[in-house]
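The values are calculated or read from the model by the stated rules, or taken from the named source; none is laboratory data. Note that the structure is a prediction, hence the values are computed from the model and not measured. Here the Cβ positions follow ideal geometry from the backbone for every residue, glycine too, while neighbour counts run over all protein chains shown.
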Protein chains: 2
Amino acid sequence: MSNPHAYTPDEIAVVHRVIAERRDMRHFSGGHVDDDTLARLLEAAHRAPSVGLMQPWRFVRVTDLALRQRLHLLVEQERVLTAEAMGERSAEFMKLKVQGILDCAEVLVAALGDGRERHVFGRRTMPHMDLASVSCAIQNLWLAARAEGLGLGWVSLFDPAAVAQELGMPQGAEPVGILCLGPVARFYERPMLEDEGWTSPRPINELLAENRWPD
Amino acid sequence: MSNPHAYTPDEIAVVHRVIAERRDMRHFSGGHVDDDTLARLLEAAHRAPSVGLMQPWRFVRVTDLALRQRLHLLVEQERVLTAEAMGERSAEFMKLKVQGILDCAEVLVAALGDGRERHVFGRRTMPHMDLASVSCAIQNLWLAARAEGLGLGWVSLFDPAAVAQELGMPQGAEPVGILCLGPVARFYERPMLEDEGWTSPRPINELLAENRWPD
């Protein structure tokens, strides 16, 4: 019996294609994202699920070039500190390109809003589910951007308190990512960290179990 | 100049459609998810981005009916405790259907794996980015399921320590969701919590700002 809610095989294939072709981009080719496209991408983000329908996501669009440069500097500072924390892989890490804040068409800071303690639904024992909701919103934005041929990179190399201060965030709000968005010359065929030999992805079957955590 | 990486307008529309039609489902119609479909959905999850390519997601498929019932019971226990924490909205909350663990075709527990402290890339100051990665994986699975005409509900009403114990999770691993997956009679036209009058979603423009957090 066929499922009346299923999309056509071609449509299902598009969904899998965009999931497969999405990449965490660090190389951008400048250019521009028009306002309609940006609005469409933010609408896609806003259609994400959220725990108790709390919609904890906030987005700050960075149009001030000086602010963009300060965010870049904060990431550079954390890049050095992360490298120091990496021990023997420090030099290898420092060779990687980890962000494209200065090169991308648009910078968006994705954040958790303040006042989240009011929302208990699904969060009494798991308050961090608000981060899960923002992450789903970012993934929606990422997939919608890929379909438009736009790259997106999620940068989490920063001191969140410093970024919060730059943007004037109130107590209780916190940044979760600096999102670099825009045209790219090409999408990486594989994740860049795989291409660069940083790590090898594991196959999904190693990460599955049945009824009980594997020993 | 057209973007050579952009999908066709019809393909872009499919991506936005699946994002718009995904729902957090609590009503299932029993049935079955065939193995090929389940494997395809888990592959979609596995294609998610992850911080430093650490792939922190783990999935435990629950095929043991007694285990499924124990998970259901843990959620029921937390439902009562959450209701108590809700004060004046307690009775209203208790009327809501919050999960479909006993009715859905498949139950998957999504979790963070152990040993995550080894991964510093993108996590020195923001260790919780591993949860963001798992959340993106779940959103991929969710969208792929919707395209197949299958509903998914993400349940976070439980004591994570109790669920971890049920599944024999080691120190350092933690469950992030009990995912209910399977055929549904119909998809909600709007989020169920909106239909039920629990809350009204806010428009995206209230959640956007430029350069500085709004006052």
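Observations, loosely collected:
- Of the residues making up segment B:1-12, those that are facing another protein chain (nearest Cβ under 8 Å) and under 26 Å from B:ILE138 (Cα atoms) number 5.
- All positions within segment B:124-146 that are within 7 Å of chain A (Cβ to nearest Cβ) and over 15 Å from the mean Cα position of the chain (by Cα): B:ARG124, B:THR125, B:MET126, B:HIS128, B:MET129
- Under the condition of being more than 7 Å from chain B (Cβ to nearest Cβ), within 18 Å of the chain's Cα centre (by Cα) and of a type in the set (Lys, Arg), the residues counted in segment A:61-75 number 1.
- Within segment B:108-135, restricting attention to residues that are assigned to a helix (DSSP H, G or I) and of a type in the set (Gly, Ala, Ser), the residue that is farthest from A:THR8 (Cα to Cα) is B:ALA132.
- Among the residues of segment A:111-141, the one identified as surrounded by fewer than 23 Cβ atoms within 10 Å (Cβ to Cβ) and hydroxyl-bearing (Ser, Thr, Tyr) is A:THR125.
- B:GLU78 fulfils the conditions (1) facing chain A (nearest Cβ under 9 Å); (2) in a helix (DSSP H, G or I); (3) closer than 21 Å to A:ASN205 by Cα except for a single criterion, (3).
- Residue count for segment B:25-55, restricted to those that are of a type outside the set (A, V, I, L, M, F, W, C), surrounded by 22 or more Cβ atoms within 10 Å (Cβ to Cβ) and under 15 Å from the mean Cα position of the chain (by Cα): 1
- Taken as a whole, the condition of being among the hydrophobic types (A, V, I, L, M, F, W, C) and in a helix (DSSP H, G or I) applies to A:ALA144.
- Residue among B:ILE138, B:ILE101 that alone is modelled with pLDDT of 95 or more and in a helix (DSSP H, G or I): B:ILE138
- Any chance A:ARG70 is in a helix (DSSP H, G or I) and not β-branched (Val, Ile, Thr): yes
- Each residue in segment A:86-108 was checked for being surrounded by 15 or more Cβ atoms within 10 Å (Cβ to Cβ) and small (Gly, Ala, Ser), and 2 of them qualify.
- If the condition is being touching a Pro at 6+ places or on another chain (Cβ under 8 Å) and touching a residue at least 40 places away in the same chain (Cβ under 8 Å), then segment B:138-163 contributes B:GLN139, B:TRP142, B:LEU150, B:GLY151, B:TRP154, B:PHE158, B:VAL163.
- A:VAL15 being modelled with pLDDT of 95 or more and more than 7 Å from every other protein chain (Cβ to nearest Cβ): no
- Those residues of segment A:96-125 which are touching a residue at least 60 places away in the same chain (Cβ under 8 Å) and either among the charged types (D, E, K, R) or more than 30 Å from A:ALA185 (Cα to Cα) (or both), in sequence order: A:LYS97, A:ASP103, A:GLU106, A:LEU112, A:GLY113, A:ARG116, A:HIS119, A:VAL120, A:PHE121, A:GLY122, A:ARG123
- First in segment A:1-27 and more than 22 Å from A:LEU150 (Cα to Cα), second anywhere and assigned to a helix (DSSP H, G or I), Cβ under 6 Å, 6 or more apart: A:TYR7/B:ALA147
- Residues in segment B:19-60 that are closer than 26 Å to B:PRO191 by Cα, facing chain A (nearest Cβ under 9 Å), assigned to a loop (DSSP other than H, G, I, E, B) and among the hydrophobic types (A, V, I, L, M, F, W, C): B:ALA48 alone.
- Tallying residues that are in contact (Cβ under 8 Å) with a residue 60 or more places away in the chain and at the interface with another protein chain (Cβ under 9 Å from one of its Cβ atoms) within segment A:193-215 yields 2.
- Residues satisfying the stated conditions in segment B:147-172, i.e. more than 8 Å from chain A (Cβ to nearest Cβ) and part of a helix (DSSP H, G or I): B:ALA161, B:ALA162, B:VAL163, B:ALA164, B:GLN165, B:GLU166
- Against the conditions (1) more than 30 Å from A:VAL80 (Cα to Cα); (2) at pLDDT below 95; (3) not hydroxyl-bearing (Ser, Thr, Tyr), B:ARG118 satisfies every one except (1).
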